[in-house]
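First comes the structure, then the notes that go with it.
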Amino acid sequence: MLTPQVIREATSFAFNNAILKNEKIIAYNLIGTSIINKCNLNNCLIDTYRDHGSHSRIEVLNGKVVNSLFKIDGDLLLFENFIESSVLNSKGKLHIKNGVLQDSFIRLNSGISLQLDGVESRSIDIDNTGERLSEFSIKGLLVDCVLRGLVTFSGIVNAIIYSSVLRSCFFENTSFESTVINKCNLQRVVFMNCNLKNITFSHCNIVERPLVLEGCDVTGAHFLNIPKGAINFINCYGAEKVHFIK
């Protein structure tokens with residue numbers, strides 16, 4: 001059973017070098033930045049509410065998070081953490097920088113910003129329940145992950161995506177820089193007006209319908225062990241020079 005801590009009067013909070021186990025931290029009327037630094041969180045719930053019309057930010061730095069749930073009404077930054085078997089839900093910016101993220105679930109809402117920067121992600125489920133993301137960036141490694149319902153209108157991807165599932169994703173005006181998508185299942189995936197220079201799709205399983213590339217720059221793109229009939233090029237620049245390799 002979780003032990004509740006309710007923070008009502010303070011506009012921010014801080015934990016430093018603490019071991020938090022079976023804790024339920026509920027904070028109201030937050031303004032500014034709250035910090036959880038060098039802490040070990042095990043089976044915790046962090047549930048925060050910002051003051052009406054204000055900006056709030058939770059920073060989790062240099063720690064370990066296991067079997068915990070974050071429900072953040074504001075921005076959530078996680079930097080240099082080991083995160084396992086946890087759920088991350090933010091109504092603002094969700095920025096995970098460096099560290100390891102595994103066996104976890106990211107829940108996205110309409111209009112939020114998602115950034116995975118230098119993160120080693122294994123067996124994570126990213127589920128977008130809303131409409132377009134306001135900002136989107138993935139730089140790093142994703143292995144055995146599920147990306148579901150992502151809708152972007154700008155962003156940068158510089159990643160290796162391996163043995164993962166992309167389902168019902170719509171990428172618009174997004175730049176895929178030196179990205180490799182290898183041994184993935186692609187189901188109802190569309191790229192529109194994207195920079196796909198030097199992207200590599202390798203040994204992917206494209207199901208239900210062809211992979212749609214519309215208005216994209218595909219100069220130097222490579223498709224390894226993927227049949228031409230599985231790709232639908234619509235008004236793409238450089239499509240005649242795409243490399244299909246068996």
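Taking interchain pairs and intrachain pairs at least six residues apart, which have beta carbon atoms under 6 angstrom, with the first residue in the stretch 149-177 and without any contact (Cβ under 8 Å) to a residue 24 or more places away in the chain and more than 23 Å from Gln102 (Cα to Cα) and the second small (Gly, Ala, Ser) and outside any strand (DSSP E or B)?
Note: pairs meeting the criteria are Asn173/Ser154.
All but one of (1) outside the structural domain of Ser154 (by TED's automatic domain parsing); (2) closer than 24 Å to Phe171 by Cα hold for Glu135; state the number of the condition that does not hold.
Going through (1) outside the structural domain of Ser154 (by TED's automatic domain parsing); (2) closer than 24 Å to Phe171 by Cα one by one, Glu135 breaks only (1).
Which members of the stretch 102-159 meet the condition of being of a type in the set (Asp, Glu) and modelled with pLDDT of 90 or more?
Correct list: Asp103, Asp117, Glu120, Asp125, Asp127, Asp144.
In the stretch 27-44, which residue that is assigned to a strand (DSSP E or B) and out of contact with any Phe, Trp or Tyr (no Cβ under 8 Å at 6 or more places or on another chain) is surrounded by the most Cβ atoms within 10 Å (Cβ to Cβ)?
The residue in question is Leu41.
Taking into account only those residues within the stretch 85-126 that are β-branched (Val, Ile, Thr) and part of a strand (DSSP E or B), which is nearest to His55 (Cα to Cα)?
Applying the first criterion (β-branched (Val, Ile, Thr)) to the stretch 85-126 yields 87, 96, 100, 106, 112, 119, 124, 126.
Then keep just the ones that are part of a strand (DSSP E or B); that gives 87, 96, 100, 106, 119, 126.
Working: Val87: 22, Ile96: 19, Val100: 27, Ile106: 21, Val119: 26, Ile126: 25 Å.
Checking each candidate, the answer is Ile96.
Assuming Glu135 fulfils every condition listed in (1) loosely packed, with under 15 Cβ neighbours inside 10 Å; (2) in contact (Cβ under 8 Å) with a residue 40 or more places away in the chain; (3) among the charged types (D, E, K, R) apart from one, which condition is it?
If we test Glu135 against (1) loosely packed, with under 15 Cβ neighbours inside 10 Å; (2) in contact (Cβ under 8 Å) with a residue 40 or more places away in the chain; (3) among the charged types (D, E, K, R), just (1) comes out false.
Residues that are within 17 Å of Ile106 (Cβ to Cβ), charged (D, E, K, R), touching an Asp or Glu at 6+ places or on another chain (Cβ under 9 Å) and not assigned by TED's automatic domain parsing to the domain that holds Glu135: does the stretch 51-73 have at least one?
yes
Yes or no: Lys24 among the charged types (D, E, K, R), more than 21 Å from the chain's Cα centre (by Cα) and assigned to a strand (DSSP E or B)?
Spelling it out, Lys24 is indeed among the charged types (D, E, K, R), more than 21 Å from the chain's Cα centre (by Cα) and assigned to a strand (DSSP E or B).
Which numbered condition in (1) assigned by TED's automatic domain parsing to the domain that holds Ile36; (2) farther than 30 Å from Thr11 by Cα; (3) not hydroxyl-bearing (Ser, Thr, Tyr) is the only one that Asn158 fails?
The failed condition is (1).
Within the stretch 1-21, how many residues turn out to be assigned to a strand (DSSP E or B), surrounded by fewer than 16 Cβ atoms within 10 Å (Cβ to Cβ) and of a type outside the set (Lys, Arg)?
Of the residues in the stretch 1-21, 7 are assigned to a strand (DSSP E or B), surrounded by fewer than 16 Cβ atoms within 10 Å (Cβ to Cβ) and of a type outside the set (Lys, Arg).
On the basis of being assigned by TED's automatic domain parsing to the domain that holds Gln102 and either closer than 24 Å to Asn98 by Cβ or in contact (Cβ under 8 Å) with a residue 60 or more places away in the chain (or both), does Thr200 make the cut?
The answer is no for Thr200.
The values are calculated or read from the model by the stated rules, or taken from the named source; none is laboratory data. Quantities reported herein were computed from a predicted structural model and do not represent experimental measurements. For neighbour counting, all protein chains shown are included, and Cβ atoms are generated from backbone atoms with ideal geometry for every residue, glycine included.
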